[in-house]
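Asker: Questions regarding the structure given below will be posed in turn.
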Amino acid sequence: MNVGSRITLGPGSATPALSIEDVFERQRTRAIALRVSTADERIATLRRLEKAILGRRAAIYAALAADLHKPEAEADLSEIMPILSEIRHTCRHLKSWMAPRRVPATLAMLGTKAAIRHEPKGVSLIISPWNYPFNLTFGPLASAIGAGCTAIIKPSELTPHSAALMAEIVRDTFAPDDVALFEGDASVATALLDLPFDHIFFTGSPAVGKVVMAAAAKHLASVTLELGGKSPVIVDETADLKKSARSIVWGKFANNGQTCIAPDYAYVHESRMPQFIDAARGAIAAMYGDAAASPDYCRIVNARHFARVRNLIDDATTRGATIHAGGTADAGQNFVAPTLLSNVSADSLIMQEEIFGPVLPILPYGDLAMPVREINARPKPLALYVYTKDKAIADRVITETSAGGSCVNASMAHFLHANLPFGGVNNSGIGNAHGFYGFRAFSHERAVLSDKFSATPMLFPPYSGRVKQMIKMTVKFFT
Ligand code: NAD
């Protein structure tokens with residue numbers, strides 16, 4: 001078995017390293033005990049996680065700087081804040097989420113009482129990606145704890161400083177019977193996926209999402225798949241160009257474009273193309289100046305992804321794309337300058353795959369039907385953004401397309417709204433995260449009916465003439 005697939009219990013522990021199977025068996029037992037855990041007990045566990053995050057703030061900044069050159073401000077905004085918000089929102093609302101929800105009796109069910117109870121699914125598996133390593137690991141963990149589940153975590157191997165720090169946080173904060181973390185690559189994930197988890201919460205690419213779903217099918221484990229894809233933007237002729245450009249540039253170049261909900265490419269009304277390109281160039285200059293020297297500009301995660309992004313730009317320019325900003329790169333630094341492209345041909349690689357890097361193709365359109373048709377011809381995106389002053393245009397775009405989530409005159413902000421479900425649709429994901437929706441992902445909604453004086457026993461066999469008549473009346477009057 002892979003070296004990464006054993007965890008130790010920390011310095012001074014008398015217990016030998018535990019294998020994946022050991023931990024899984026311990027968690028199975030623990031998950032049954034957790035069924036009767038109270039909201040206060042779960043909140044106490046969440047507070048321990050909150051304290052561990054706050055106590056390791058400096059170490060989190062350092063790990064993210066080492067892995068992604070992520071500036072402290074971005075670490076605060078996109079890693080620490082969403083985790084604290086998830087934990088605190090869950091703590092605030094957990095009692096009401098856990099309370100059985102009474103539902104009224106239907107006519108045929110008069111004489112019964114019915115409620116929906118959210119029971120913990122049991123042992124959960126959380127597999128996370130590298131682009132927001134803390135946020136996308138501890139966010140789902142907060143939901144799992146809130147729902148009363150145990151969790152085994154497998155973070156990405158591509159951000160090793162963050163993975164090692166998360167392993168330390170988990171080891172110091174939880175018993176492995178409750179929460180455990182196994183570092184390692186896809187082979188560790190594969191070993192984990194062999195086990196009969198009750199729920200699998202996966203965040204990553206659509207390609208690996210399919211592998212996860214196939215593995216889950218062997219045990220009929222339920223899944224939440226938070227995937228990716230190409231998230232389009234539409235900027236219509238009424239949009240405030242300066243504001244729109246600032247918002248799109250921020251969404252695109254934060255974390256170097258390595259964001260699942262980053263604007264991937266932008267359709268801009270043909271009458272506003274030159275002004276939009278100018279405004280976007282201005283926004284890049286205002287935010288990053290000389291990006292290579294800017295402390296606020298991240299880097300591509302590794303040489304493989306650097307080469308991939310570089311190749312997307314080269315392929316697009318070979319096919320006739322025009323560079324309006326950036327286009328330069330430094331392999332030694334995994335640095336790609338914030339890049340704006342136009343005249344991008346539809347058969348360019350950059351229009352085929354998720355860019356996941358700091359490059360924005362800008363495509364002109366005349367009639368709104370064209371971007372809507374093209375968006376509908378591609379796999380359903382994780383996000384779709386519309387910039388317009390015309391509410392009817394925003395409504396039309398949202399109604400005529402399908403996407404995991406959308407913002408009007410903003411990008412990425414829906415991720416931070418704790419009362420909104422966050423997730424994709426089909427190729428961009430299955431199920432939702434965040435707040436109540438995250439709690440629900442790790443819960444089974446159990447229907448519980450208590451019979452007080454319902455008429456159902458009167459419909460039991462033998463089906464005498466009188467019983468048959470009553471059944472006919474029931475079908476006629478009570479459905
Ligand atoms: P990835 O799918 O390559 O890896 C994600 C995780 O799966 C990692 O922990 C990795 O070790 C593991 N893994 C890799 N191959 C595996 C296999 N064959 N079997 C089992 N596990 C395997 O994704 P990534 O490169 O880490 O992240 C980028 C992708 O994630 C992009 O597509 C992005 O859009 C998406 N993403 C989605 C969200 C969201 O919330 N929807 C958030 C962040 C990233």
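The values are calculated or read from the model by the stated rules, or taken from the named source; none is laboratory data. Keep in mind that what you see is a predicted model, and the values were worked out from it rather than measured. Quick reminder, even Gly has a Cβ in these numbers, built from the backbone with ideal geometry, and neighbours come from all protein chains shown. Note: accessible area is taken over every heavy atom of the protein model, side chains too, but ligands, DNA and RNA are not part of it. Shrake-Rupley method; radii C 1.70, N 1.55, O 1.52, S 1.80 Å.
Asker: When you check A114 against the structure, is it within 12 Å of the ligand (Cβ to nearest atom), outside the structural domain of T259 (by TED's automatic domain parsing) and not charged (D, E, K, R), yes or no?
Answerer: no
Asker: Is it fair to say D290 is within 27 Å of P133 (Cβ to Cβ) and either open to solvent by 60 Å² or more (accessible area, probe 1.4 Å) or outside the structural domain of N131 (by TED's automatic domain parsing) (or both)?
Answerer: In short, no.
Asker: Here's a follow-up. Quick one: which residue in A189, A245, A254 is among the small types (G, A, S) and more than 30 Å from A279 (Cα to Cα)?
Answerer: Of A189, A245, A254, the one residue that is among the small types (G, A, S) and more than 30 Å from A279 (Cα to Cα) is A189.
Asker: Mind listing whichever residues of the stretch 224-250 are within 15 Å of F422 (Cβ to Cβ) and in contact with a Ser or Thr (Cβ under 7 Å, 6 or more places away or on another chain)?
Answerer: Correct list: E226, L227, G228, G229.
Asker: Ok, one more. Select from the stretch 298-354 the residues that are in a strand (DSSP E or B) and open to solvent by 60 Å² or more (accessible area, probe 1.4 Å) and write down the one among them that is nearest to P71 (Cα to Cα).
Answerer: Taking the candidates together, the pick is D330.
Asker: I've got another one for you. Just to be sure, is E168 of a type in the set (D, E) and in contact with a strand residue (DSSP E or B) (Cβ under 7 Å, 6 or more places away or on another chain)?
Answerer: no
Asker: While we're looking at this one, here's another question. State all residues of the stretch 122-140 that are more than 9 Å from the ligand (Cβ to nearest atom) and in a strand (DSSP E or B); if no residue qualifies, say none.
Answerer: V123, S124, L125, I126
Asker: Moving on to the next point. Might you check whether a residue that is touching an Asp or Glu at 6+ places or on another chain (Cβ under 7 Å), part of a loop (DSSP other than H, G, I, E, B) and touching a residue at least 40 places away in the same chain (Cβ under 8 Å) occurs anywhere in the stretch 69-92?
Answerer: Within the stretch 69-92 (the criterion being touching an Asp or Glu at 6+ places or on another chain (Cβ under 7 Å), part of a loop (DSSP other than H, G, I, E, B) and touching a residue at least 40 places away in the same chain (Cβ under 8 Å)), the answer is yes, since at least one residue qualifies.
Asker: Take the conditions of a type in the set (V, I, T) and touching a residue at least 12 places away in the same chain (Cβ under 8 Å) and apply them to T318. Does it pass?
Answerer: Criteria not met by T318.
Asker: For the stretch 464-478, enumerate the residues that are free of Cβ contacts under 8 Å to residues at least 40 places away in the same chain and either within 43 Å of the chain's Cα centre (by Cα) or in a helix (DSSP H, G or I) (or both).
Answerer: Scanning the stretch 464-478 gives G465, R466, V467, K468, Q469, M470, I471, K472, M473, V475, K476.
Asker: Given the criteria hydroxyl-bearing (S, T, Y), within 16 Å of the ligand (Cβ to nearest atom), within 30 Å of H324 (Cα to Cα) and not assigned by TED's automatic domain parsing to the domain that holds E25, does T238 qualify?
Answerer: It is false that T238 is hydroxyl-bearing (S, T, Y), within 16 Å of the ligand (Cβ to nearest atom), within 30 Å of H324 (Cα to Cα) and not assigned by TED's automatic domain parsing to the domain that holds E25.
Asker: Let me ask something else. Given the options A58, A66, name the one that is part of a helix (DSSP H, G or I) and touching a residue at least 24 places away in the same chain (Cβ under 8 Å).
Answerer: Unique residue meeting the criteria: A66.
Asker: Over 15 Å from Y437 (Cβ atoms) and in contact with a helix residue (DSSP H, G or I) (Cβ under 6 Å, 6 or more places away or on another chain), is that true of P100?
Answerer: The answer is no for P100.
Asker: Which of the residues that make up the stretch 23-43 are assigned to a helix (DSSP H, G or I) and of a type in the set (A, V, I, L, M, F, W, C)?
Answerer: V23, F24, A31, I32, A33, L34, A39, I43
Asker: Given the condition in contact with a helix residue (DSSP H, G or I) (Cβ under 9 Å, 6 or more places away or on another chain) and without any contact (Cβ under 8 Å) to a residue 40 or more places away in the chain, answer yes or no: does some residue in the stretch 225-239 qualify?
Answerer: Yes, the stretch 225-239 has at least one match.
Asker: Within the stretch 60-102, restricting attention to residues that are surrounded by fewer than 14 Cβ atoms within 10 Å (Cβ to Cβ) and more than 18 Å from the chain's Cα centre (by Cα), which residue is farthest from N255 (Cα to Cα)?
Answerer: Per the criteria, the residue is R102.
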